[in-house]
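Below you'll find the structure, written out as structure tokens, and then a few comments.
The values are calculated or read from the model by the stated rules, or taken from the named source; none is laboratory data. In this text, all values refer to a predicted model and were calculated from it rather than measured experimentally. Please note: Cβ atoms are built from the backbone with ideal geometry, for glycine as well, and neighbour counts cover all protein chains shown. Accessible surface areas use protein heavy atoms only, side chains included; no ligands, DNA or RNA. Shrake-Rupley method; radii C 1.70, N 1.55, O 1.52, S 1.80 Å.
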Amino acid sequence: MSAIPAPRFDHVVIYVEDQLDAAAETYAKLGFQLTERGHHTMGSSNNLAIFGTDYMELLGYEPANAAKAAGLWQMPVGLGGLVFKPGPDAGFRDALIERGVPAQPSREFSRPVDVPEGQRDAAFRVTHLDDSIAFNGRVFFCHHFTPELVWRKEWQDQPNGVTSIAEFVVVSGDPEKSAAPYRRLYGDAAFESLPGGVALNAGQGRLLILKPDAARQHLGDALPALPADGAEKMVGLVLRTSSLAKARAALEEGKVPFKAEGNRLLVAAPETFGLALGFVE
């Protein structure tokens, strides 16, 4: 059986449909330095906030591309995608299938990037897990053929001090059932039990799969509305900052309401395009 790399976050996706301009303005006020608008060959567009070894993507489409791109990603608005780093070879999807983890065919695409030496194409291979095991969003793996066009030093200096993804929070009526495909993929040793849920340790970050009450205890009033039927939903993103004082100053400068709670700051879903957003040192 082919080897699977240990779990590590590559990036997270906040899906904003045709509201990329408004989302970029919102996240600038939250203290993020965003890259210039990128345009995929498939018709979607994005702005990125680049951290140390991972990043956050505001994904959507420009109104002129609505007919081509509106249904392309099939994500809920808000926190819609969790992306892991895969193995480097094109046979990575076969390794998923070998472990009984259903996955869609891999696909490759690119987007042009302007850098000091001229315009180049940032190129990717993505492998999406089947919708049935993707927390009612999109979970996929992204291989970067050109990582030097993503993790550029001049893009990694975030005004709010963010350096990495600390937590990605999913709510589920049955966390163990939701986690089962990922146990098959990564093994039990990557997991730990939590009150009201389970965590997948992914390098610097953790995927938390929590029952609704546990999610409310963890993120409180910052959460978006939770499904009444116990369905899965991606609801929260906690980011690590080099300085809470820096994050606080950025939020204050942007006039963004937030709650200081012990060693973290929380911003509620109405201020973030639909997700609970936290900052921790």
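List of remarks:
- Residue of Ala189, Ala103, Ala134 that the Gaussian network model of the chain assigns the largest fluctuation, springs spanning Cα pairs under 10 Å: Ala189
- Residue-wise HN-Hα couplings along the stretch 53-64, as the Karplus relation 6.51 cos²θ - 1.76 cosθ + 1.60 with θ = phi - 60° gives them from phi, are 10, 9, 6, 10, 10, 8, 10, x, 8, 7, x, 5 Hz; Gly and Pro carry x.
- DSSP-loop trypsin sites (Lys or Arg not before Pro) across the stretch 141-214, with at most 13 other Cβ within 10 angstrom: none
- Fluctuation leader among Pro195, Pro212, Pro181 - the chain, Gaussian network, Cα springs under 10 angstrom: Pro195
- Amide H contacts of Thr146 (H built 1.01 Å from N, under 5 Å, at least 5 apart or other chain): Ala123
- Shape of the stretch 98-207, Cα gyration tensor, a/c cut at 1.5: oblate
- Antiparallel beta bridges, as assigned by DSSP with both residues in the chain, represent about 75 percent of the total such bridges.
- Between the stretch 119-168 and the stretch 171-216, the alpha-carbon center distance in angstrom: 21 Å
- Choice from Gln217, Gln19, Gln119 showing the highest fluctuation, given a GNM over the chain with Cα pairs closer than 10 Å: Gln119
- Shape of the chain from the C-alpha gyration tensor: rounded (a/c under 1.5, with a ≥ b ≥ c the square roots of its eigenvalues).
- 5 angstrom amide H check on Val162, placed H, neighbours 5+ away: Ser242
- Rg/Rh ratio calculated on Cα atoms of the stretch 151-237 (Kirkwood radius): 1.04
- Cα shape, the stretch 107-159, gyration tensor, a/c 1.5 rule: oblate
- Per residue, in Å², the accessible surface of the chain once ligands and nucleic acids are set aside, probe 1.4 Å: 42 Å²
- A dipole drawn for the chain from +1 and -1 charges on Cβ atoms has a positive end, and of Ser132, Phe32, Leu208 the residue lying farthest that way is Leu208.
- Equivalent-ellipsoid semi-axes for the stretch 48-134 (Cα gyration tensor, √(5λ), whole Å, largest first): 25, 19, 14.
- In the chain, helical runs assigned H by DSSP with n ≥ 4 each contribute -39500 (n - 2.57); averaged across all residues and rounded to the nearest 500, the mean residue ellipticity at 222 nm is -5000 deg cm²/dmol.
- Backbone geometry of the stretch 194-201 corresponds, through the Karplus equation with coefficients 6.51, -1.76 and 1.60 at θ = phi - 60°, to 3J(HN,Hα) couplings of 10, x, x, x, 8, 10, 9, 7 Hz, x marking Gly and Pro.
- Sequence-ordered 3J(HN,Hα) estimates for the stretch 261-268 from the Karplus curve with 6.51, -1.76 and 1.60 and θ = phi - 60° stand at 9, x, 9, 8, 10, 10, 10, 7 Hz, glycine and proline given as x.
- The fraction of accessible area contributed by carbon and sulfur in the chain is 50 percent, rounded to a whole number (1.4 Å probe; ligands and nucleic acids excluded).
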